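The values are calculated or read from the model by the stated rules, or taken from the named source; none is laboratory data. Everything quoted here is computed from the prediction, not taken from an experiment. Quick reminder, even Gly has a Cβ in these numbers, built from the backbone with ideal geometry, and neighbours come from all protein chains shown.
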Amino acid sequence: MKFNNALMLIGLIALLVPILIHLLNRSRAKVLDWGAMRFLLASLTSQNRRILVEEVILLTLRCLLVALVVMAMAMPFLPSRSRVPWAIALPAFLGAAISLGVATAMWHHRRARWGMLILAIVLGAVAGTASGIEQVWQNLKLAAGRGERDVAILLDASMSMTLNVEGRRNFDRAVEEARTLVNALKPGDAASLILAGPVPRAVVATPTADRQELAAALEGLAPIGGTMSVLEALNAAAASLTEGHNVTKRIILITDGQNVGWDPRSEARWAFLAEGLKGLPTRPKIICRRLPLPKLFRNAAVADIAFSRKVVGTDRPVTIQVKVMNTGTMPLRPQAVELSVDGARVASEKFATDIAPKAAESVRFDHRFESAGPRVVSARIVLQDDLPGDNAAERVVQVTDKLSVLIVDGVPSPAPLGGAAAFIDLALTPRGSPEFDEPTGADVNEDLPEEEAEARERAAAERKEAEEVRFLVEPTVVALPDVASVKDFREYAAVVLANVATLPDAVAAKLASYVQGGGGLLIAPGSRAKPTFYNAWATAAAQPVAPADLTARRDVQENPCRLEPRSFNHPALQLLADARNSDAGLALIKSYWKLEANEKDSDVRVGGRLATGEPFVVERRLGKGYVLLLATSLDPAGSNLPSLKSFVPLLHEAVYYLAAPMMLDSNVAPGSEVTLELHEQGAGGAPARLAGSGLRAEYYEGTDFNRLRVTQIDPTVNFEWVKGRPVPTVREDNFSVRWTGWVVPRYSETYTFHVVADDGVRLWVDGQQLVNAWRGQNPTEYFASLPLEAGRRYPLKMEYYEGEGDATAKLLWSSRSQRKEVIPQSQLYPGGPSTGSGTASPPAVGDVAEVITPSQRYCPARLTKENGLLRVSFAETQEPGLYSVVLPPGLAERFAPRGLAVEAASKVSGEAPRGIPFVALGRIEESLLDTLTRADLEGPKRAVDILETASTEEATAEVVGGIHGEELWKYFIIGALLALLGEIAVTRWIAIQRRLGAAPTVVFGSEVVDVQTFRDRARQLLAVPTVSSESVNRP
């Protein structure tokens, strides 16, 4: 506690007033010797103690009254971050005043008097020292904060900030507090603004003192979603502060105080942050402003969407498990869970029971995809809860209609089912007859009841549908002598070596490289396999290819060995592990290789064993792909496996497992770099052409492209903003826009381009400037003509600025065959920013593609090409949710995944993804709302200076250099008033008590009797004898 007007404490001298009055009243009494005094002293002894207590109370109240009035005049102030606790200074002040009053009341008690005086002196010294220390400390703190400063404002933009607390989102509260903070900054202070999500996003990257720029940046902000990474955000803030020019630095984080994302156990990362902060001129204080979280809330979240198979095809349904978790504090029951594919709802399941808090329930859907290509599968909970941001989730699944498998036959034979690969080929594409015959006309009894006849018809239709089996796997059998003719193994999802003895060195090297790149290899060694080849087979880096060594060939024809299904732990063997649904336990292994696997190798694991305990399946992870080695061949010579029902699922599951790494991984962790490897689409006729998606639009503050605010794709240029904002973060006046891209005409003829603008406009097409009207004006139309060829892409750039008043910008075209219209989205393609004359070339490999983020921002992605693959690299996956990669014209036709180009060509409205989708996953912990505790902050506080604040005022004072706290003078005035009332009441009470205890008055006569009257009466009494005296004297 400190005093803003400390000089008024001199008024404490006024404490002497009641003391002196009391002592002077005591000195007025005179000591008289009187014979009856001892009787009076005896009567007063019983009242001495009561009188002493009364005097102590009175003097205490009077001294306290004076002290409270003086301290109120001294303007006491309690800082929120007090160096000396107020519980020391305030009681010491008041205790000193009370002790002084008690000492005065007990003035005649020598020991008590000096004891209370010494106590008053000690308490006064403690109070003065504490107040002085606090005064000096706060003055030093205030002096340290008087300079101009750079402030990095971090806004928690995680998904939990969308929580509705008392009718308002916490994110809106954070923006409002940031606005309050900006308004409180001093003229020389500068601030930057960063949205803190899984990866921070700078809104104002460099500290600026422009209040209008900061205010505009705060307009239209929206949460990023996902989980805030606190360390990444603080590092981004530190990097921002290095660009500032002021010496004093501050970082303020406005958050809801969840513990997820703080990573308190990563001491090394916090130490790294501390080292980075040391590089600043002054080590910044990190102010953490925590917004309220409700103790009770109601919320359900989609925790996961899982598919029963890694390879999903059009051949059969796939099971989709949607996990729904109750992250709230009370039981709830969602109405339903809806499943959608590419935006169209395909199924819905209702909940029959409540979900307990922190518990989860799964909903199962069986869905068969009808066409190949990347498919967006989304699940949505139908429920009104407090956190709607986690009620839906998406996953991208790569659906395929063909898995090409190459089978290398080591023992080719012209006889039916005679080669080593024959049964593998048959199992991958089983050919059979229907289990039931079709009903003929003779089978139909016209006299059957109508219901039974309909039932038979439905059964016949189901049998017919069952016959139309879609085979996903397309095997190709190549004899071992012809394997060298295979040009590229990457055309196949998996390769099977069926009883292959050896491979040519060049083929072996290509096959090893194929696996390292993500391919799958299944080795089924038979009697012809050469251990010297397999045991020595290695990559160029000398890494073994085979998962285990072939040590010895065992022939057990007379006593066949069995499989041990209980030991099957490999994903490809899961269907065979259940003895109730599998006949794998009936397998008889007549000959096999003894495999010696190095199980200490982290890339090697045994996936199943024989009944003897020897390995049956061994796996090696090699680069991005896998190699599976069986102990036996897959023909009748090695075992009776081809005759068992489990043989078909065994091979299919093995192929699916080996092909999985080749599938496009489209679900990634937020903040990680995405690399999509796209194969060129060749056969099958000319690929469908992707429709246009619009022009790249760059919106700037200022009429001369001063500061870039937003980059997005505008489907067309057809705007009448009038007096409105063009985008939320740009003001309605004094802005400029640049549109760039390509235009594709429909006809080979002369086109007239029309622009309508209010105010200035410029237009370039194919490098030629057609319009130059860069001036303020009312809506005016300009036009110019240019011969164009149908289907050819022409670079286009249009620049526009708005000064004041209404705003209009339109781009149209017309020709002999083309009526005048706004250039449609289907004929416009986005391009990178262009300068100068506006010329631009179509995007080449090494240039960029456009990525549409979940919040509909448009960001560039890098393109590279290598060995026939187009790699799309994109690192800005901050926002969890659905992204879409739009390839440039020319590349889209060649590299868009099969099943996507045709679909995209019909999506002109833009409602469905126009490009290649992928998803940045979220974290379910974000929905739990677990509060950050003191224990969580112990580690971070040891590394950096973190100060927690509980109010906007306190946070603002810490940032701008003031002292936040509360003035206490009003409480002292109230205390003084109560002391005054108490003093009056006690005085009145003492007066009443003393009047009641007084002796009754004795009346000796009238109050006024003169001397003469008194003498006359005396003589009369002496002259007349009384009756009693006469009777006594009579003889």
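For the stretch 233-268, name all the residues that are among the charged types (D, E, K, R), surrounded by 17 or more Cβ atoms within 10 Å (Cβ to Cβ) and within 24 Å of Met159 (Cα to Cα).
Asp256, Asp263
Name the single residue that is farthest from Ile287 (Cα to Cα) among those in the stretch 145-160 being modelled with pLDDT of 80 or more and more than 19 Å from the chain's Cα centre (by Cα). Going through the qualifying residues, I end up with Glu148. Of all residues in the stretch 151-189, those that are closer than 23 Å to Val230 by Cα and either not in a strand (DSSP E or B) or not β-branched (Val, Ile, Thr) (or both) total 26. If the condition is being in a loop (DSSP other than H, G, I, E, B), of a type in the set (A, V, I, L, M) and touching a strand residue (DSSP E or B) at 6+ places or on another chain (Cβ under 7 Å), then the stretch 525-548 contributes Ala529, Val545, Ala546. The stretch 284-385 holds strands (runs of 3 or more DSSP E) entirely within its bounds, and those carrying 3 or more residues that are free of Cβ contacts under 8 Å to residues at least 60 places away in the same chain and surrounded by fewer than 20 Cβ atoms within 10 Å (Cβ to Cβ) map to 318-326, 336-341, 344-350, 360-367.
Can you tell me which of (1) surrounded by fewer than 20 Cβ atoms within 10 Å (Cβ to Cβ); (2) touching a residue at least 24 places away in the same chain (Cβ under 8 Å); (3) assigned to a strand (DSSP E or B) is the one Ala790 doesn't meet? The single condition Ala790 does not satisfy is (3).
Cβ-Cβ distances below 7 Å connect the following pairs, each with a first residue in the stretch 766-787 that is on the phi > 0 side of the Ramachandran plot, a second residue that is surrounded by fewer than 13 Cβ atoms within 10 Å (Cβ to Cβ), and a separation of six or more residues or different chains: Gly767/Ser837. The residue that is surrounded by the fewest Cβ atoms within 10 Å (Cβ to Cβ), among those in the stretch 207-223 that are in a loop (DSSP other than H, G, I, E, B) and hydrophobic (A, V, I, L, M, F, W, C), is Ala222. Taken over the stretch 254-274, the residue count meeting the criterion of being of a type in the set (A, V, I, L, M) and either without any contact (Cβ under 8 Å) to a residue 24 or more places away in the chain or more than 21 Å from Gly226 (Cβ to Cβ) (or both) is 3. You will find that of Leu117, Leu123, Leu142, Leu163, the residue that is over 30 Å from Leu61 (Cβ atoms) and either at pLDDT below 75 or in contact with a Ser or Thr (Cβ under 9 Å, 6 or more places away or on another chain) (or both) is Leu142 and no other. Of the residues examined, Pro264 is not one that is touching a Ser or Thr at 6+ places or on another chain (Cβ under 7 Å) and either assigned to a loop (DSSP other than H, G, I, E, B) or not aliphatic (A, V, I, L, M) (or both). Evaluating Glu491 against the criteria (1) farther than 19 Å from Phe616 by Cβ; (2) in contact with a Pro (Cβ under 8 Å, 6 or more places away or on another chain) leaves one unmet condition, (2). Selection of the stretch 396-420 for residues being in a strand (DSSP E or B) and within 20 Å of Lys530 (Cβ to Cβ) yields Ile407, Val408, Asp409. Looking across Arg988, Arg995, one residue alone is of a type in the set (Lys, Arg), more than 30 Å from Val302 (Cα to Cα) and modelled with pLDDT of 75 or more. It is Arg988. Residue-level check: of (1) crowded, with 16+ Cβ neighbours inside 10 Å; (2) in a strand (DSSP E or B); (3) among the polar types (S, T, N, Q), Thr551 misses just (1). Applying the set (1) out of contact with any strand residue (DSSP E or B) (no Cβ under 6 Å at 6 or more places or on another chain); (2) over 22 Å from Ser951 (Cα atoms); (3) not aromatic (Phe, Trp, Tyr) to Ala236 leaves exactly one unmet item: (1).
Go through the stretch 603-624 and count every residue that is more than 41 Å from the chain's Cα centre (by Cα) and assigned to a strand (DSSP E or B). Residues meeting the conditions: 6. Quick one: which of Arg731, Arg746 is within 20 Å of Ser815 (Cα to Cα), basic (Lys, Arg) and not in a strand (DSSP E or B)? When all the criteria are applied, what remains is Arg746.
Counting the residues of the stretch 269-283 that are under 24 Å from the mean Cα position of the chain (by Cα) and either assigned to a loop (DSSP other than H, G, I, E, B) or among the basic types (Lys, Arg) (or both) gives 1.
Considering the conditions (1) of a type in the set (A, V, I, L, M, F, W, C); (2) under 25 Å from Phe874 (Cα atoms); (3) modelled with pLDDT under 80, Ala683 is excluded by exactly one of them, (2). Within the stretch 575-628, the set of residues being in contact (Cβ under 8 Å) with a residue 40 or more places away in the chain and of a type in the set (S, T, N, Q) comprises Ser582, Ser591, Asn598, Thr612.
Filtered by the rule that a residue be in contact with a Leu (Cβ under 8 Å, 6 or more places away or on another chain) and at pLDDT 90 or above, the stretch 350-375 gives Asp354, Ile355, Lys358, Phe365, His367. Out of Ile252, Ile194, one residue alone is of a type in the set (A, V, I, L, M), at pLDDT 90 or above and more than 25 Å from Gly922 (Cα to Cα). It is Ile252. The requirement of being among the aromatic types (Phe, Trp, Tyr) and within 30 Å of Val397 (Cα to Cα) is fulfilled somewhere in the stretch 306-313, by at least one residue.
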